[in-house]
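Engineer: The structure is given below, and queries will be raised subsequently.
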Amino acid sequence: MSSKNIVLGICGGIAVYKALDIVSRLKKKDINVNVIMTKSATEFVTPLSFQSLSQNMVISDMFEEPRAWEIQHISLAKKADLMLIVPATANIIGKVANGIADDMLSTTIMATTAPVVFAPAMNTNMYRNPIVQDNIQKLQRFGYKFILPSSGRLACGDVGEGKLPDTEYISNVALSMLYDKKDLIGKKVLVTAGPTVSYIDPVRYITNKSSGKMGYAIAEEARDRGAEVTLISGPSSLEKPYGVKIIDVDTNEDMYNKVLEYYNDSDIVIKSAAVADYKVKNYSEKKIKKADGDLNITFTRDNDILKVLGDKKKNQILIGFAAESNDLIENAKSKIYKKNLNYIIANDITLKDTGFSSDDNLVTIISNTGEVYNLDKMSKRNIARKMFDLLEEKR
């Protein structure tokens, strides 16, 4: 993504300082950032601050003598792969909505054919003003994108809508829009992630070590490639990925019901959750009191969700995971045919630096036609990328 260019428009508002962090985050991802500041924005933070972080000259004066023989608002408009306006004030939203181009930023927005994303930040009453809302809706009809503000305590002391969203969130939205592969546009991808739990009584349960990292990475990769993604997740402490429909579940039965609800409407289904194979046979409605002697718990088989999906499969691409401690390839291959899968991704859970809770994994992808792809140790996000690359290659 090193060849991508973002033109970052900075408007006058107290949230200007937060845009410095966005520049820093984008630069760390090797994005080239050119900053345009409105005159009022320079009253809050000096151009030098943005210049130092972006490593590019900052433009704030439309009539400043150019440093090269080019018309700057046209050259930046052509250069941009994406324009991001942070913070977007009511003023810039109103200007663009009504065709006014009277400074460098509004002129560049008008001249670009790149996607333009506004991240509004302003007083609650100003944001809710019918004129501002009408301008936002008008721009959305024209194809402009908006990252809607969050709610919270504002600089003026009011509490409500109008707060600039987290800078990491804004940066991730921009990076997703710039992602170099968009082969899943129009596709619906269903992903399961994390563990499930089996309750013993109202306060006790049995679960496993799954963190959900692999499934979340798959969901994020599918989202960035343009898919409509539904993520059904067992209990996980991971931050919920934006732009993905999240459904939280606890038990095998919960996941079973939700997966079947979305299965028929899905194009690609990836079952990376570590679903419990057994559940407690005699759940106690009351907390089990401590007593002398041992506590014996009887387990019974629970739903084999992946097998049910394989039996019901029509045109879906169905991918399972095999977390094994021995006979990795043999066990994985047997699951492909027993559960009618297109692919299975096998990983050895005995390895110390991969697998559960790790950011990395070491996997083998096996197809139902017998092809075996041994991947090197890499991040779970890169494994997700390799997996979707393979699907695209075999399409």
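The values are calculated or read from the model by the stated rules, or taken from the named source; none is laboratory data. In this text, all values refer to a predicted model and were calculated from it rather than measured experimentally. All Cβ positions, even for glycine, are placed from backbone atoms using ideal geometry, and neighbour counts span all protein chains on display.
Engineer: Restricting the range 276-296 to residues that are among the hydrophobic types (A, V, I, L, M, F, W, C) and touching an Asp or Glu at 6+ places or on another chain (Cβ under 8 Å), which is nearest to Y216 (Cα to Cα)?
Structural biologist: Within the range 276-296, the subset among the hydrophobic types (A, V, I, L, M, F, W, C) is 276, 280, 288, 291, 295.
Add one more test, that the residue is touching an Asp or Glu at 6+ places or on another chain (Cβ under 8 Å), and what stays is 276, 288.
Numbers: A276: 19, I288: 35 Å.
Among residues in the range 276-296 that are among the hydrophobic types (A, V, I, L, M, F, W, C) and touching an Asp or Glu at 6+ places or on another chain (Cβ under 8 Å), the one nearest to Y216 (Cα to Cα) is A276.
Engineer: Further question: Is it the case that D250 is in contact (Cβ under 8 Å) with a residue 12 or more places away in the chain and either under 17 Å from the mean Cα position of the chain (by Cα) or in a loop (DSSP other than H, G, I, E, B) (or both)?
Structural biologist: yes
Engineer: One residue is enough: does the range 132-144 have a residue meeting the conditions basic (K, R), more than 30 Å from A227 (Cα to Cα) and either assigned to a helix (DSSP H, G or I) or modelled with pLDDT of 95 or more (or both)? Can you show your working first?
Structural biologist: At the first step, the residues of the range 132-144 found to be basic (K, R) are 138, 141.
Then keep just the ones that are more than 30 Å from A227 (Cα to Cα); that gives none.
Among the residues of the range 132-144, not one is basic (K, R), more than 30 Å from A227 (Cα to Cα) and either assigned to a helix (DSSP H, G or I) or modelled with pLDDT of 95 or more (or both), which makes the answer no.
Engineer: When you look at K138, is it closer than 25 Å to K240 by Cα and basic (K, R), yes or no? Reasoning before the result, please.
Structural biologist: Working: closer than 25 Å to K240 by Cα: no; basic (K, R): yes.
No.
Engineer: When only residues in the range 273-311 that are part of a loop (DSSP other than H, G, I, E, B) and closer than 15 Å to T196 by Cα count, which is farthest from the chain's Cα centre (by Cα)? So that I can check it myself, show each step before the final result.
Structural biologist: Just the residues of the range 273-311 that are part of a loop (DSSP other than H, G, I, E, B), to begin with: 273, 275-277, 281-298, 302-304.
Applying the additional criterion that residues be closer than 15 Å to T196 by Cα yields 273, 275-277, 302-304.
Working: A273: 18, V275: 23, A276: 26, D277: 29, D302: 31, N303: 29, D304: 28 Å.
Of everything passing the filter in the range 273-311, D302 is farthest from the chain's Cα centre (by Cα).
Engineer: Now for a different question. Condition test on A119, is it surrounded by fewer than 19 Cβ atoms within 10 Å (Cβ to Cβ), within 17 Å of I36 (Cα to Cα) and either among the aromatic types (F, W, Y) or touching a helix residue (DSSP H, G or I) at 6+ places or on another chain (Cβ under 6 Å) (or both)?
Structural biologist: Working: surrounded by fewer than 19 Cβ atoms within 10 Å (Cβ to Cβ): no; within 17 Å of I36 (Cα to Cα): yes; either among the aromatic types (F, W, Y) or touching a helix residue (DSSP H, G or I) at 6+ places or on another chain (Cβ under 6 Å) (or both): yes.
Criteria not met by A119.
Engineer: Turning to a different aspect of this structure: Touching a residue at least 40 places away in the same chain (Cβ under 8 Å), out of contact with any Cys (no Cβ under 8 Å at 6 or more places or on another chain) and surrounded by 15 or more Cβ atoms within 10 Å (Cβ to Cβ), is that true of P241? Steps first, answer last, please.
Structural biologist: Working: touching a residue at least 40 places away in the same chain (Cβ under 8 Å): no; out of contact with any Cys (no Cβ under 8 Å at 6 or more places or on another chain): yes; surrounded by 15 or more Cβ atoms within 10 Å (Cβ to Cβ): yes.
When the stated conditions are applied, P241 does not pass them.
Engineer: Which of the residues spanning the range 223-258 are farther than 12 Å from A193 by Cβ and of a type in the set (A, V, I, L, M)?
Structural biologist: A227
Engineer: Another one. Return a yes/no flag: does the range 370-380 have any residue that is surrounded by 15 or more Cβ atoms within 10 Å (Cβ to Cβ) and not in a loop (DSSP other than H, G, I, E, B).
Structural biologist: Taking the range 370-380 and keeping what is surrounded by 15 or more Cβ atoms within 10 Å (Cβ to Cβ), we get 375, 378, 380.
Still in the list and also not in a loop (DSSP other than H, G, I, E, B): 378, 380.
Yes: one or more hits.
Engineer: Report, by residue number, each residue of the range 1-41 that is assigned to a loop (DSSP other than H, G, I, E, B) and farther than 19 Å from S176 by Cα.
Structural biologist: C11, G12, G13, I14, A15, T38, K39, S40
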